[in-house]
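Some notes on the structure that comes next.
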Amino acid sequence: MVSAPDAVAVPREGEIPRSTDGTQGAPEPVPLVRNRNFRLLWASSAVSGSGSSVSTVVVPIMAVVVLKATPTEMALLGAMGTLPALLLFVPAAMWGETVRSRIPVIVATQLVLACLVFLVPVLWWAKVLSIGALLAIIAGKSVVGVFQGATSSPVLKEMLPRRQLVDANGKMNGTSSATDVVGQAVGGDLLTVL
């Protein structure tokens, strides 16, 4: 008896396609650590988080020690770090949902955030750092950070298959926690050098 060749089953609408080994779903995706796009996003997030964490420690201490900031000026620095974010969160989230290609926006906002953080030591070195400049930099970081957050949250869903999202979010959040701790320690060390 001659058997018929294996037929390729075409799934009907609504059915989950079967892979060649008989299991349901798509073929196994590329592991996260070998996914170039994820590695780039992960690395940029780590670098950005480190810079932000360093500035969280350094900026207030520089304001008090170097610029002799008053309690009112320190309160303004704190407010500038949160007020723009509070006011812009909803409009930024709505805008973030309409952006077609989020990766260029994330790259641009990361670069702007890096420039703002780097501006503090440059202004200090040039001896033109002032409370007004710090207020503007902190407010700028807050505004840019809101738009960066609005576009970066859904980017993993666009970049990765659903089954890798838990692992990817775990890696991103773990790295964020680590950069918070390490960045603050590095910020403290930088202050002792300066």
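The values are calculated or read from the model by the stated rules, or taken from the named source; none is laboratory data. Keep in mind that what you see is a predicted model, and the values were worked out from it rather than measured. Virtual Cβ from ideal backbone geometry, glycine too; neighbours counted across all protein chains shown. Surface areas here come from the heavy atoms of the whole protein model, side chains and all, with no ligands, DNA or RNA. Shrake-Rupley method; radii C 1.70, N 1.55, O 1.52, S 1.80 Å.
Just one of the listed residues (Ser142, Ser152, Ser130, Ser176) is touching a helix residue (DSSP H, G or I) at 6+ places or on another chain (Cβ under 7 Å), polar (S, T, N, Q) and modelled with pLDDT of 90 or more, and it is Ser142.
Is it the case that some residue within the range 92-111 is under 17 Å from Ser52 (Cα atoms), surrounded by 16 or more Cβ atoms within 10 Å (Cβ to Cβ) and more than 17 Å from the chain's Cα centre (by Cα)? Taking every residue of the range 92-111 in turn, none turns out to be under 17 Å from Ser52 (Cα atoms), surrounded by 16 or more Cβ atoms within 10 Å (Cβ to Cβ) and more than 17 Å from the chain's Cα centre (by Cα). When the range 136-162 is examined, which residues are found to be open to solvent by less than 40 Å² (accessible area, probe 1.4 Å) and either farther than 29 Å from Val90 by Cβ or among the hydrophobic types (A, V, I, L, M, F, W, C) (or both)? Of everything in the range 136-162, those that are open to solvent by less than 40 Å² (accessible area, probe 1.4 Å) and either farther than 29 Å from Val90 by Cβ or among the hydrophobic types (A, V, I, L, M, F, W, C) (or both) turn out to be Ile137, Ile138, Ala139, Val144, Val146, Ala150, Val155, Leu156, Leu160. Scanning the range 38-56 for residues that are in contact (Cβ under 8 Å) with a residue 60 or more places away in the chain, open to solvent by 40 Å² or more (accessible area, probe 1.4 Å) and either on the phi > 0 side of the Ramachandran plot or over 11 Å from the mean Cα position of the chain (by Cα) (or both) turns up just one, Thr56.
List the helices (runs of 4 or more DSSP H) that sit entirely inside the range 75-194 and contain at least 1 residues that are closer than 18 Å to Val64 by Cβ. Before you say what the answer is, go through the steps one by one.
Values: elements: 102-125, 131-152, 155-159, 165-193.
In the range 75-194, the matching helices (runs of 4 or more DSSP H) lie at 102-125, 131-152, 165-193.
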